[in-house]
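Accompanying notes for the structure given below.
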Amino acid sequence: MNNVQKLHLLGQSIWCDNIQRGLLVNGEFAGMIARQEIRGVTSNPTIFMNAMTKTHDYDAGLTPLAKAGHSAEEIFWQLAVEDILAGADLLAPLYQESNAGDGYISLEVSPYLAHDTESTLAEARRLWKLIDRPNLMIKIPATGVSLPAIRGAIADGINVNVTLIFSRERYAEVMEAYIQGLEQRAAAGLPIDRVASVASFFVSRVDTKIDGYLAALAAHGGEQAGLAAQLPGKAAIANARLAYADYKAVFGSQRFQALRAQGARVQRPLWASTSTKNPHYPDLMYVETLVGPDTVNTAPPQTLHALLDHGVIRPNTVEEDLAGAGQTLHELEQLGIAMRVVTQELEDEGVASFSQAFAEVVEKMEERRQAVVQAA
């Protein structure tokens, strides 16, 4: 039994945070599923940017589209949808075997729409109808203006992966949007038992941001330096563990039990950004410490490999030392590091980063499109 299977027995699913055409074509993606190394897949604009601009895997698909007169952005979406369709079909047996518990693949709406509620919902509906697979999740960023779009998509019966969650306050709003969407759907007499959602709570980026502030305080000296030197690498796990406690409170409430009686599924916390960015930290720091029932950890290839190779699996680590987690965040506040401010910065940076990646991949598509047209 590999470590992914061990985690599944403890209630956690491992999804792979990567997709690219080469893996779909050479059989490696199917092999990972068959070997039970992954139970789902996520994608984002950065993943597609790397896949489409740093390989030639997409040239054969791009050429006829360029010759047919499609724009660079149209070509990107066509190629991305083809990958998602192929991945969804390979994951379909797992989706069926798990009674729609796993086997999902995620595709993100355009990051350009992150601050436009109506356009985000319209794009979610378009992609859901276009791909037409029950194991698809549409990724919608957890910006304030996107919350009504999340609620509307759930009410429509669209599976949603809510992404770019950094703060517990925003997470509370995301859970509320999910529950309201289910309530709206149930009130309309529509089934809610097959509506699935995950809330992607980002982890390592929190430490990356806060560790920088702590290093500056420690270097400055003074009475705060000692405390600042003790806190690097602690904020992200503390933040995630307290978020899991929030999850248990919300989905253990009487309000949600009324929906559960109609077949509703919990919105699972998904730990995202779980590769370690600091080379001095253990490579599985954000995996081994966040194991818990009804959770997902989406791991990039190098983290997935490390997990399979040398991961140490212990049950329910996500609930360890909650008092210590609260103390960590309290001490950060004492140092003038406000989580509300930090997490808003991270949300803004996340949206900007995905927008930049989307712009880069479209720019590269345009270069290749022009090369095809000129050579024709």
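What follows is calculated from the coordinates using simple rules that are stated; it is not laboratory data. The shown structure was predicted, so the numbers you read here are calculated from the model rather than taken from an experiment. Cβ atoms come from the backbone with ideal geometry, glycine included; neighbour counts cover every protein chain shown.
Ala245 meets the stated requirement of being surrounded by fewer than 20 Cβ atoms within 10 Å (Cβ to Cβ) and in a helix (DSSP H, G or I).
Where helices (runs of 4 or more DSSP H) fall entirely within the range 1-58, those with at least 3 residues that are closer than 16 Å to Leu85 by Cα and either of a type in the set (A, V, I, L, M) or in contact with a strand residue (DSSP E or B) (Cβ under 7 Å, 6 or more places away or on another chain) (or both) are at 21-25.
Consider the range 128-146 and keep the residues that are assigned to a helix (DSSP H, G or I) and farther than 24 Å from Tyr171 by Cβ. The one that is nearest to the chain's Cα centre (by Cα) is Ile131. Applying the set (1) touching a residue at least 60 places away in the same chain (Cβ under 8 Å); (2) closer than 24 Å to Glu173 by Cα; (3) of a type in the set (Val, Ile, Thr) to Val109 leaves exactly one unmet item: (1). From the list Ala186, Ala199, Ala86, the one residue that fits, being touching a Pro at 6+ places or on another chain (Cβ under 9 Å) and on the phi < 0 side of the Ramachandran plot, is Ala199. Taking residues in the range 236-264 that are in contact (Cβ under 8 Å) with a residue 24 or more places away in the chain, and partners anywhere that are assigned to a helix (DSSP H, G or I) and of a type in the set (Gly, Ala, Ser), the pairs with Cβ atoms closer than 7 Å and at least 6 places apart or on different chains are Ala236/Ser204; Ala238/Ala325; Arg241/Ala325; Leu242/Ala325; Leu242/Gly326; Asp246/Ala172; Leu259/Ala186; Gln262/Ala186. A Cβ distance below 9 Å, combined with a sequence gap of six or more or placement on separate chains, defines the contacts here; from the range 43-69, residues that are without any contact (Cβ under 8 Å) to a residue 40 or more places away in the chain reach residues that are buried (at least 16 other Cβ atoms within 10 Å of the Cβ) and hydroxyl-bearing (Ser, Thr, Tyr) in the pairs Ala51/Ser43; Ala51/Tyr58. Within the range 322-342, the set of residues being without any contact (Cβ under 8 Å) to a residue 12 or more places away in the chain, among the aliphatic types (A, V, I, L, M) and either touching a Ser or Thr at 6+ places or on another chain (Cβ under 9 Å) or over 14 Å from Lys209 (Cα atoms) (or both) comprises just one member, Ala323.
Scanning the range 103-112 for residues that are in contact with a Pro (Cβ under 9 Å, 6 or more places away or on another chain) and either over 16 Å from Phe358 (Cα atoms) or assigned to a helix (DSSP H, G or I) (or both) yields Gly103, Pro111. Pairs meeting the criteria (first residue in the range 82-101 and within 15 Å of Ser13 (Cα to Cα), second residue assigned to a helix (DSSP H, G or I) and of a type in the set (A, V, I, L, M, F, W, C), beta carbons under 7 Å, at least 6 apart or on different chains) are Leu91/Ile33; Leu94/Ile33.
Within the range 153-169, the set of residues being surrounded by fewer than 23 Cβ atoms within 10 Å (Cβ to Cβ) and either on the phi > 0 side of the Ramachandran plot or part of a helix (DSSP H, G or I) (or both) comprises Ala155, Gly157, Arg168, Glu169.
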